[in-house]
Amino acid sequence: MSRTPKALAAVALGVTAGLLVTAAPAGAAARYTPGAPGAGDPYFPDMGNGGYDVAHYDIGLKYDPATKAVRAVTGIKARATQNLSRFNLDFLGPLTISSLKVDGRKAAFKRTGAQELEITPSRGLTKHRSFTVEVAYSGVPQKVDDPALGVSGWVATPDGAIFVNQPIGAATLYPVNDTPQDKATYSFTLTTPKGTTSLANGDFAGKWTRGGLETSRWKMRQPMASELAMIAIGKYDVIFGKTKSGVPNITATDQQLKTPPALAKDFNTQTGDVQDFLAGYFGRYPFSSTGGITVKASLGYALETQGRPVYDLTRRPGTIPRGDLLAHELGHQWFGDSVTPEKWADIWLNEGFATYAEWLYFEKYTGKPVQQSFDETYATPADDDLWQPKTADPGRDNIFHPTVYERGAMTLHALRKAVGDKAFFKIVKTWPEANKYGNASTADFIKFCERRSGKQLDALFAKWVYTSGKPSL
Ligand SMILES: [Zn+2]
């Protein structure tokens, strides 16, 4: 994510009361037990669930911008990792479930706590076996507006909606195992009134019109964390291009922003060029398509939604994202999207690298050396709040604190000084490849750097990411 400064409105999140539909026969025997209602992240204990691993989400959505209402069916393919008598999905807000099936059979469910959808299948689910879930639901989805973390989830706009999820928005639209640790492939089938454009992550997989409705299909074929799922519906000008290295490059500009056509074309070209430039440092681009979407949605940030970042340009209509912002969100495709932190406390591994991608961009495109970017940031006075939170454990409300970004990037530069350019750029290129489509922690990164450089680096990382206060050089 990359933020523009803004005041965060503190609006309470609407949560529906639990809804008990039918009585639930329990799993077959005592050895079938309930899956955990959380995935164990200390910052977001309700997020994610235990006992299964999702392989694929198939989101079928009909949306009417006039009424703001959705009708949806989400299909899930998953595999049990324990004998399950019941399991949870995360599902947030006022949408009403009309039908829920597990393996094609009607299953009992109730909604409890802040975001738990507790599902009891008619028979227990056996460890290592695959199963399917199909949930039909409808209503007017509500965004999350967290006092510390800002707006995410389903955000209605005058002519459509934008769906961006970092960190807790995904469950506002679909039932999900909402933890970055459970990545899955996705397909999106999006139906809107004719003349409205629907975009999502990944590859464009067809479009048809029927009875005044238009349906577009998108596929994210590489594993994706739910926080990176994205949908954009509205009036968009779309450009289907290719990067110079041959990656399909689909960019879209929100017609509300009145972007001149020549600039919209530049947005497409620059996206390809900056991505190819970063691939020189970070290795082969990890996804089968790329692009970007500019929106007018008062989000106050740009977000690295997988394969196709979203840039909120509400405050800069008629423009396109700056090159350093493209570098930030495209840098995330390797750091954050392909390699995703194990816990939210590790988010500096995303933002530090994305900020370093900006510094590399400045060096290449404006002549400002990376060292100068470091020096200017390091010059921040010692009593500044930048130095206070611990970079690798900033606290739940500080996951988007400047320390995560700027001290994160400075940490990488301090690493570069310690191990030398050769080892550093080898680390930068091999880390995303070694952890492709997976998750990794700060401890994993430190171990990796020590192996690649042959140097003992505990003290360096202790000083830079695990300790408050301005580190000495
Ligand atoms: Zn970012």
Quiz item: Given the pairs Lys244/Lys447; Lys110/Lys183; Lys77/Lys343, which span a C-alpha to C-alpha distance of over 28 angstrom in this model?
Solution: Lys244/Lys447
Practice problem: Report the one residue of Ser226, Val54, Gly438 whose Cα lies farthest in the direction of the positive end of the charge dipole of the chain (charges on C-beta: Lys and Arg +1, Asp and Glu -1; origin at the Cα centre). | Solution: Val54
Exercise. Mind giving me the nanometre distance, one decimal, between the label points for Val238 and Glu433, set 7 Å out from Cα along Cα→Cβ?
Key: 3.4 nm
Self-check item: Angstrom value of the Kirkwood radius, inverse mean 1/r, which spans all Cα pairs in the chain
Solution: 22.9 Å
Exercise. Any of Lys207/Lys436; Lys368/Lys470; Lys207/Lys296; Lys296/Lys429 with alpha carbons more than 27 Å apart? Name them for me.
Key: Lys207/Lys436; Lys296/Lys429
Quiz item: What is the set of long-range amide H partners of Gly153 at a cut-off below 5 Å, with H atoms built 1.01 Å from backbone N?
Solution: Val144, Val164, Asn165, Gln166, Gly169
Quiz prompt | Burial ranking of peptide ranges 362-374, 328-340, 273-285 (average Cβ count within 10 Å, highest at the top) | solution = 328-340, 273-285, 362-374
Quiz item: Per-residue HN-Hα couplings for segment 70-85, Karplus 6.51 cos²θ - 1.76 cosθ + 1.60 at θ = phi - 60°, whole Hz, x for Gly and Pro?
Solution: 10, 10, 9, 10, 10, x, 10, 10, 9, 10, 6, 9, 8, 6, 9, 7
Quiz item: If the viscosity is 1.002 mPa s and the temperature 20 °C, what translational diffusion coefficient in µm²/s does Stokes-Einstein give for segment 237-390 when Rh comes from Kirkwood over Cα pairs?
Solution: 132 µm²/s
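Taking K and R as +1 and D and E as -1, what net charge do the other residues with C-beta under 11 Å from the C-beta of Pro248 add up to?
Value of the local net charge: +1.
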Exercise. Give the span of segment 348-473's Cα atoms along each principal axis, as three whole-Å numbers ordered largest to smallest.
Key: 37, 35, 27
Quiz prompt | For segment 1-224, projected area of the alpha-carbon convex hull averaged over all directions, nm² | solution = 13.1 nm²
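Of all DSSP beta bridges located in segment 235-322, what percent are antiparallel, nearest 5?
Bridges in segment 235-322 that DSSP calls antiparallel: roughly 55 percent.
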Exercise. Classify segment 235-322 as rounded, prolate or oblate, taking a ≥ b ≥ c as the square roots of the eigenvalues of its Cα gyration tensor: rounded when a/c is under 1.5, otherwise prolate if a/b is larger than b/c and oblate if not.
Key: prolate
Quiz item: What FRET efficiency, computed as 1/(1 + (r/R0)^6) with R0 = 41 Å and r the Cβ-Cβ distance, is obtained for Ser245 and Trp208, rounded to the nearest 0.05?
Solution: 0.85
Practice problem: Measure out, as a whole number of angstrom, how far apart the alpha-carbon centroids of segment 270-329 and segment 111-145 sit. | Solution: 32 Å
Quiz item: Per-residue HN-Hα couplings for segment 361-372, Karplus 6.51 cos²θ - 1.76 cosθ + 1.60 at θ = phi - 60°, whole Hz, x for Gly and Pro?
Solution: 4, 4, 4, 6, 9, 10, x, 7, x, 3, 4, 5
Practice problem: Could you list which residues have their amide H under 5 Å from that of Ala205, counting only those 5 or more apart in sequence or on another chain, with H placed in the peptide plane? | Solution: Arg217, Trp218, Lys219
Quiz item: Is any residue of segment 206-248 close enough, with backbone N under 19 Å, to a label point placed 7 angstrom from the Cα of His56 along the Cα-Cβ axis, and if so, which?
Solution: 206-207, 216-226, 229-230
Quiz item: Taking Cα atoms, how many degrees apart are the long axis of helix 442-453 and the longest axis of the chain, rounded to 10 and kept between 0 and 90?
Solution: 40 degrees
Quiz prompt | Modelled FRET efficiency - R0 51 Å, Ala379 with Arg105, Cβ distances, 0.05 increments | solution = 0.20
Quiz item: Shape of segment 123-214 from its Cα gyration tensor (a ≥ b ≥ c, root eigenvalues): rounded if a/c is under 1.5, otherwise prolate when a/b > b/c, or oblate?
Solution: oblate
Self-check item: Which of Ile427, Ile76, Tyr365, positive extreme of dipole for the chain (C-beta unit charges)
Solution: Ile76
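Could you tally the net charge around Tyr52, taking each other residue with its Cβ under 12 Å from the Cβ of Tyr52, Lys/Arg +1 and Asp/Glu -1?
+3
Rounded to the nearest 0.05, what FRET efficiency do Ser138 and Thr269 have when you use their Cβ-Cβ distance and R0 = 45 Å?
Efficiency for this residue pair is about 0.65.
Evaluate the relative contact order of segment 340-464 (contact order divided by residue number), counting alpha-carbon pairs under 8 angstrom at least 6 apart; express in whole percent.
That works out to 32 percent.
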Practice problem: Let me have the 222 nm mean residue ellipticity of the chain computed from DSSP H runs of 4+ only, each contributing -39500 (n - 2.57), with the sum over all residues rounded to the nearest 500. | Solution: -7000 deg cm²/dmol
Quiz item: Each residue of segment 132-145 in order: what ³J(HN,Hα) in whole Hz does its phi give by Karplus 6.51 cos²θ - 1.76 cosθ + 1.60, θ = phi - 60°, with x for Gly and Pro?
Solution: 10, 10, 10, 10, 9, 7, 7, x, 10, x, 10, 5, 9, 10
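Read the figures in this text as sums done on the coordinates, not as results from a lab. From a predicted model like this one, the values you see are computed outputs, not experimental measurements. Glycine gets a Cβ as well: all are built from the backbone with ideal geometry, and neighbour counts include every protein chain shown.
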